[in-house]
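The values are calculated or read from the model by the stated rules, or taken from the named source; none is laboratory data. Nothing here was measured: the structure is a model prediction, and the numbers come from that model. Cβ placement follows ideal geometry from the backbone for every residue including glycine, while neighbour counts extend to all protein chains displayed.
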Amino acid sequence: MKSKLLTAIALVSTLYFTAPASAQTDVNTNVRRLIETRECYGCDLSNANLEGTHLIGADLRNANLKGANLKNANLEGADLTGANLQSANLTSAFVNSVSLNNANMMNANLTNAQFISAELDGANLIGVNLAGTELFNVNLGIGGEY
């Protein structure tokens, strides 16, 4: 009886401790795929370190970038429609001709970022930090569903 219990505990603890590593492996795989192909539609990039990356024209529609580090990233022409950027760090990011329509940017850090001709229709901007952010030809709505 004790050996069955110990075997069960060992199996459960193995599964418990390997799940987070597997999730991190998936994120790392998705980061490599994004950098190599500029495509990561609907993928999990949560908490990914993408600091300083050139994601020009990247397809990140519906991607999960919650908590991702995009500091100094070049997102020119990227499509982030429906992406989750909650609590993401976009400090000093270059956001030119980017679609962020219906993106969740709640509590994102946009300090010193440059937004030029970015589309933000339906985006959730609650709690974003816009200190020093340059906005040119960007429509920002007040109010909305959120």
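When you scan segment 113-136, do you find a residue that is within 11 Å of the chain's Cα centre (by Cα), at pLDDT 95 or above and either buried (at least 24 other Cβ atoms within 10 Å of the Cβ) or basic (K, R) (or both), even just one?
No, every residue in segment 113-136 fails to be within 11 Å of the chain's Cα centre (by Cα), at pLDDT 95 or above and either buried (at least 24 other Cβ atoms within 10 Å of the Cβ) or basic (K, R) (or both).
Given the condition in contact with a Phe, Trp or Tyr (Cβ under 6 Å, 6 or more places away or on another chain), hydrophobic (A, V, I, L, M, F, W, C) and modelled with pLDDT of 95 or more, answer yes or no: does some residue in segment 81-102 qualify?
Yes, the conditions are met somewhere in segment 81-102.
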